[in-house]
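S.K.: Mind having a look at this structure? Questions to follow.
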Amino acid sequence: AMTTAQALPEFFTRVPTLQRAETMHQYWGDRCVNLEMFVFSFMNTFNEAYNGGYWDLNITSNDALYMSLSTDEPVRLVSPLNYADETMSADAAGLVLTIYASSYGMHKFPEDACLLETYDKLMEVVGDHPEASKIYRLLD
């Protein structure tokens, strides 16, 4: 079986620090600030121990942007919606949180197609992630 570390480089491309702002605008338009706040908010909801951190930006193989906590430590997410309790890589957790954030955002700002597009593309690619089963349990 492939380890997570081997599989992940094929899954995403990390956005270089200097390109963060323009990349967020490119993918999420004027809603990038909102989406970033929604990700932080869902992290607070799903992980009571969270008290801030640096987040990476990643682009999936099908060209969608998602955020992930910049850490090698596993991240525990507990869903208040379905009581799923999963410990996973920061990358997998970031996918879950960005999917929740874009879903919330697309209902709040239906006029912004970029949020729906992000949601659709991230959902499309979940099955390719080495931790897909954990991600799906949290999204259920």
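S.K.: Which shape class, rounded, prolate or oblate, goes with region 41-101 when its Cα gyration tensor gives a ≥ b ≥ c as root eigenvalues, a/c under 1.5 marks rounded, and past that a/b bigger than b/c marks prolate?
M.R.: On the way: a/c = 1.78, a/b = 1.38, b/c = 1.29.
Prolate, since a/c reaches 1.5 and a/b exceeds b/c.
S.K.: Considering the chain as a Gaussian network with a 10 Å cut-off on Cα pairs, which listed residue, S68, S89, S41, attains the greatest mean-square fluctuation?
M.R.: For the chain, modelled as a Gaussian network with Cα springs under 10 Å, the answer is S41.
S.K.: Net charge around D140, counting only other residues with Cβ within less than 15 Å of its Cβ (Lys, Arg = +1; Asp, Glu = -1)? Walk me through the numbers before you get to the answer.
M.R.: Values: positive: K134, R137; negative: D85, E86, E131.
With Lys, Arg at +1 and Asp, Glu at -1, the net is -1.
S.K.: Which residue, A64, A21, A101, tops the fluctuation ranking in a GNM of the chain built on C-alpha contacts under 10 Å?
M.R.: The residue that fluctuates most here is A21.
S.K.: Out of the total accessible area of the chain (probe 1.4 Å, heavy atoms of protein only), what percent is carbon and sulfur?
M.R.: 51 percent
S.K.: While we're looking at this one, here's another question. Got a sec to turn the phi values of region 132-140 into Karplus ³J(HN,Hα) couplings, 6.51 cos²θ - 1.76 cosθ + 1.60 with θ = phi - 60°, whole Hz, x for Gly and Pro?
M.R.: Listing the rounded values in order: 3, 4, 5, 4, 4, 4, 6, 8, 3 Hz.
S.K.: Still on this structure, please answer the following. What residues qualify as long-range amide H neighbours of S89, i.e. H under 5 Å apart, gap of 5 or more or another chain, H built at 1.01 Å from N?
M.R.: HN-HN under 5 Å from S89: V75.
S.K.: Next question, about the same structure. What are the ³J(HN,Hα) couplings of region 69-75, residue after residue, when phi is run through the Karplus curve with 6.51, -1.76, 1.60 and θ = phi - 60°? Round to Hz, x for glycine and proline.
M.R.: Listing the rounded values in order: 4, 7, 7, 8, 6, x, 10 Hz.
S.K.: Tell me, what is the 1.4 Å probe accessible area of T13, in Å² to the nearest 10?
M.R.: So the heavy atoms of T13 present about 90 Å² to solvent.
S.K.: Here is a follow-up. So between L81 and N47, what do we pick up on full extension, going 0.36 nm a residue minus the alpha carbon distance? Let's see the in-between values first.
M.R.: Details: separation 34, 0.36 × 34 = 12.24 nm, distance 1.31 nm.
Contour length minus Cα-Cα distance gives 10.9 nm.
S.K.: Can you give me the long-range amide H partners of V15? Hydrogens built in the peptide plane at 1.01 Å from N, cutoff under 5 Å, separation of 5 or more residues or another chain.
M.R.: Sorted by chain and number, the residues that satisfy this are L57, N58, I59.
S.K.: With θ set to phi - 60° and the Karplus curve 6.51 cos²θ - 1.76 cosθ + 1.60, what are the ³J(HN,Hα) couplings of region 88-94 in order, to the nearest whole Hz, using x for Gly and Pro?
M.R.: Using θ = phi - 60°, the values come out as 8, 5, 4, 5, 4, 4, x Hz.
S.K.: Another one. Give, as a single signed number, the net charge of other residues whose beta carbon lies under 15 Å from the beta carbon of Q26, with Lys and Arg counted +1 and Asp and Glu -1. Intermediate results must be reported in sequence, preceding the final value.
M.R.: Working: positive: R20, R31, K121; negative: E22, D30, E36, D63, D112, E117.
It works out to a net charge of -3.
S.K.: Accessible area per residue for region 20-140 in Å², computed with a 1.4 Å probe and the full protein assembly in place, what is it?
M.R.: Averaged over the residues of region 20-140, the accessible area is 49 Å².
The values are calculated or read from the model by the stated rules, or taken from the named source; none is laboratory data. It should be emphasised that the depicted structure is a prediction, and the values quoted were computed from it without experimental measurement. Heads up, the Cβs are rebuilt from the backbone with ideal geometry, glycines too, and the neighbour counts pull from every protein chain shown. Ligands, DNA and RNA are stripped out before the accessible areas are found, and what is left, the full protein with its side chains, is counted by its heavy atoms. Shrake-Rupley method; radii C 1.70, N 1.55, O 1.52, S 1.80 Å.
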